[in-house]
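Note sheet for the following structure.
Just so you know, all these numbers are worked out from the coordinates, no wet-lab data involved. Just so it is clear, the model here is predicted, and its values are computed rather than measured. Quick reminder, even Gly has a Cβ in these numbers, built from the backbone with ideal geometry, and neighbours come from all protein chains shown.
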Amino acid sequence: MYQVLFAAAMVAGATIAQSPLTTTFAHNNGGMVGGCVYFDLVVNVPIVITGIDLNLNGSGSVDVYTVANTRVGNQLNQAAWTQVASGTVAGAVSGAPSPLGGLAPTTLAPGSYGVALVGVGVAHSYTNGNGSNQTYSTSELTLNGGEASNSPFSGGLFSPRIVNCNIYYTLGGGGGRVLAVRTNYGSGCIGCAESFYENFSSGATFDLNGTSLLGSPNASGYHVQTGSAYVAPGGGATVLPLTDDSEATILLGNPFPLACGAGMATSLVVCSNGFVSVASGNGVAFTPTVAAMLNAPQTAWWCWHDFNPSAAGSGQVKHEVVGSADVITWDGVFDFGSTSANTWQMVFHSSGEVEWRFQQMSSGGNAMLVGYSPGGASSDPGALDLSAALPSGFPVCCQSALPLALDASARPLVGSQVTMTTTNIPAGAMLGTLLVGLTQYNPGLPYPGLSVGCVLHHDDLARHPYIPVGTSMTHALGFLNPVANYPGVTVQLQAAVLTAGGLALTSNGVSLTIGDF
């Protein structure tokens, strides 16, 4: 069957890169006009950089410099650097990607490079490194951050600092040979996470005005669905003593049972920047980041944004007890640096239910991160589209159950060894199958017999069954070990399992283009 598949696949298409490589645009720091950011690029295959977006402020240009091997030890040695390109920008505003216009294509052979981006008339906005946000990768290249300086190639270095960028590229330089490419696409199904979130890049993208979220506790965690309408605070509500980037502890009128048997709260800590925690320890930062929310030491409910109740004319954050509920309301609180108001509330019911009720949020300000995460490190379940998910609701579990996943051990070079591995197999799964096809379906197609939310990621022309043993299985197909001599052929793979409860689950897709370099 696999030989038939390859015969059908000999009409090979062009190899596609995973471009762009993206870091983050959630900055919490920035430099002076004319400053520089440094980072390293590790290039796995020949590429041509065709464009760069940066987080900038102002109008001017950015000069692109490279140095062989690494920036480390070369940041203050201008003679070591070579300018390879320059691009212009006009009216850039921090927080949004600004494309560099007129940027000449830059070819990079496989290897390691230091990169310096020097602002001319513009200032960089960037993100402080925290140990978990300093490496970003695609199949073709890896970016390792990095430092910044206000005087390029001289003066003091600020470290670690992470460049905010999109790097666009194509594959090139193969000289007629075929590049071996491994690409994961789509997603697996039936994953239940212990956290959830939607990260709105700015107030302008927030789409929950006039809606609400209700988290109802159950034996497994929470079920989240549409909640009740916003109710304005009464005249007896207490104004909390919050200023810009501050927190205050409130005593609850009703003991609040925490989900998953985590105890009973008699007080909560309210941060002016839109999150409520079971205790102090989550800080008062004003820049929302998914990693910080998922790894916050204290359980918290989030609508994280840079609010400033101490601004002249701003509304206040208020607390009141309404029957069996404690209500915390941001009552017309301004965005930091503006007079745009935000009106919303969190409600903590004595039943353990929690509500986020949004009346009218500002369309300005910085990012807004809405969600929930228990204290300590949590796996990243990926962002939800809350407005789409709320009508039918979604679960939040006491312990994350990750979606079925498939990956390849390496790029499929002719003659090399490639192993496919399926992970997150549910305990007691009765049957597993590796599906092989030629035509990719992305994001996927529903198929009769699959569980709700599960899809096929390709045309399923052949199957390789197995009996699962444990939560992870490896598969060695004939054409993968060693990889057959069919450069240019692209095959699609996907894992499927039948659980002990009779659910048919599917994984993400993996696309393999066999190549000779």
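Per 0.36 nm of contour for each residue apart, how much would the distance between Ser351 and Ala232 grow if the chain were fully extended, relative to their Cα-Cα spacing?
40.7 nm
For Val33 and Ser137, the FRET efficiency from 1/(1 + (r/R0)^6), where r spans their Cβ atoms and R0 equals 30 Å, is about 0.45. Ellipticity at 222 nm from helices only: DSSP H runs of n ≥ 4 in the chain, each -39500 (n - 2.57), divided by the residue count, give -500 deg cm²/dmol.
For the chain, what class follows from the C-alpha gyration tensor (a ≥ b ≥ c being the square roots of its eigenvalues): rounded when a/c is under 1.5, otherwise prolate if a/b is larger than b/c, else oblate? Oblate is the answer for the chain, as a/c is 1.5 or above yet b/c matches or exceeds a/b.
Looking at the square roots a ≥ b ≥ c of the eigenvalues of the Cα gyration tensor of the range 196-397, which shape do they give, rounded for a/c under 1.5, prolate if a/b is larger than b/c, or oblate? Since a/c stays below 1.5, the shape of the range 196-397 is classed as rounded. The stretch between Arg463 and Gln399, if pulled fully straight at 0.36 nm per residue, gains 19.8 nm over its current Cα-Cα span.
For the range 21-171, rounded, prolate or oblate, judged on the Cα gyration tensor with a ≥ b ≥ c (square roots of eigenvalues), a/c < 1.5 rounded, else prolate if a/b > b/c? Note, shape of the range 21-171 comes out rounded. Here Ala377 and Ala248 are evaluated by their C-beta separation; at R0 = 22 Å the FRET efficiency comes out at 0.25.
Checking Cβ-Cβ separations below 4.7 Å across the chain identifies Cys36, Cys165, Cys271, Cys303 as cysteines lacking any candidate disulfide partner.
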